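Structure first, then comments.
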């Protein structure tokens, strides 16, 4: 079977070996986050419907997982906000019934947990990883660029309701943008809120690949360490790039180009990340990426000392 809605497995910094489930078309979301690795939102919406067929996703999961691959998680997320898809609960229920040995995770911006039906959909999942990038309205508007109908107070209350009802693990990510949400006032608001909802883990992140908007700057390691110390006694960790075991693809062959295009469609990646995920050697990848760039299918951009490859937006 050719997989349209599954990608990877990828070597995730947070989830280990993770099979991605893309619940949304690129790039349909409730937010247009300035730092988003998937690029600018092309359809800003809060309308919930079956954007991607739940039956198609289930068919792909069934075909892939019956081979019993080695995975740490099956993660629902992808090219937009997965809780917009009304088939999410159905897909999670399928995993719990048919493949309970695999742990499941949800990567979400957390904007729709004020809706009881969304909270009900996600209750069976093992791990929820929501983002909260701002407490003040000013920072929320600048960092997350929300749909006009969204109110940050309502979003924060919705996540609080989820934390009270949900029995699984809640890893809350904060994306730090220097000069926007790292001032003492905003950090104090963060700490008060986090102490209230008591997440299993707080993860601090900053730009390490090209974002949607060029003005977003990288937070230094020293800044992130100081924020982590300030958030004590909360369970805080700084997300960093770690080398992991390479997944071996024994026969990349003629499918190598499509494999790389599929990975780049989801997010910009370094050549080392692409090699780790695909099992294709760096020498082979260098030739392949050069070909894709010449064809106009891909391009590259440097962030700090890292070179990221990404899919040419015109062919997405």
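The values are calculated or read from the model by the stated rules, or taken from the named source; none is laboratory data. None of the values given here were measured: they were computed from a predicted structure. For neighbour counting, all protein chains shown are included, and Cβ atoms are generated from backbone atoms with ideal geometry for every residue, glycine included.
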Looking only at the range 1-35, count how many residues are modelled with pLDDT under 90, over 18 Å from residue 91 (Cβ atoms) and not in a loop (DSSP other than H, G, I, E, B).
5
Test set (1) in a helix (DSSP H, G or I); (2) at pLDDT below 80; (3) in contact with a strand residue (DSSP E or B) (Cβ under 6 Å, 6 or more places away or on another chain) - residue 256 fails condition number
(3)
Members of the range 269-308 that are part of a loop (DSSP other than H, G, I, E, B), modelled with pLDDT of 85 or more and either surrounded by 12 or more Cβ atoms within 10 Å (Cβ to Cβ) or within 19 Å of the chain's Cα centre (by Cα) (or both)
297
If residue 59 meets every condition in (1) closer than 26 Å to residue 173 by Cα; (2) over 18 Å from the mean Cα position of the chain (by Cα) apart from one, which number is that one?
(1)
Can residue 185 be described as over 22 Å from the mean Cα position of the chain (by Cα) and more than 28 Å from residue 115 (Cβ to Cβ)?
yes
Give me a count of the residues in the range 39-71 that are touching a strand residue (DSSP E or B) at 6+ places or on another chain (Cβ under 8 Å), assigned to a loop (DSSP other than H, G, I, E, B) and within 23 Å of residue 118 (Cβ to Cβ).
7
Could you list all residues from the range 44-54 that are surrounded by 14 or more Cβ atoms within 10 Å (Cβ to Cβ) and either outside the structural domain of residue 25 (by TED's automatic domain parsing) or in contact with a helix residue (DSSP H, G or I) (Cβ under 8 Å, 6 or more places away or on another chain) (or both)?
45, 46, 48, 51, 54
Within the range 60-78, which residues are modelled with pLDDT of 95 or more, touching a helix residue (DSSP H, G or I) at 6+ places or on another chain (Cβ under 7 Å) and either within 30 Å of residue 148 (Cβ to Cβ) or not assigned by TED's automatic domain parsing to the domain that holds residue 102 (or both)?
76
Return the residues of the range 2-23 that are over 22 Å from residue 280 (Cβ atoms) and surrounded by 22 or more Cβ atoms within 10 Å (Cβ to Cβ); say none if nothing qualifies.
21, 23
Kindly indicate whether residue 57 is within 22 Å of residue 194 (Cβ to Cβ), modelled with pLDDT of 95 or more and surrounded by 23 or more Cβ atoms within 10 Å (Cβ to Cβ).
no
Within the range 80-108, how many residues turn out to be part of a loop (DSSP other than H, G, I, E, B) and surrounded by fewer than 24 Cβ atoms within 10 Å (Cβ to Cβ)?
7
Looking at (1) under 30 Å from residue 4 (Cβ atoms); (2) at pLDDT 75 or above, which is the only condition residue 227 fails?
(1)
Pairs please, first residue from the range 212-230 and touching a residue at least 60 places away in the same chain (Cβ under 8 Å), second anywhere and loosely packed, with under 14 Cβ neighbours inside 10 Å and not in a helix (DSSP H, G or I), Cβ atoms under 9 Å, 6+ apart in sequence or on different chains.
218/304
Check whether at least one residue in the range 88-101 is over 30 Å from residue 188 (Cβ atoms) and touching a residue at least 60 places away in the same chain (Cβ under 8 Å), and report yes or no.
yes
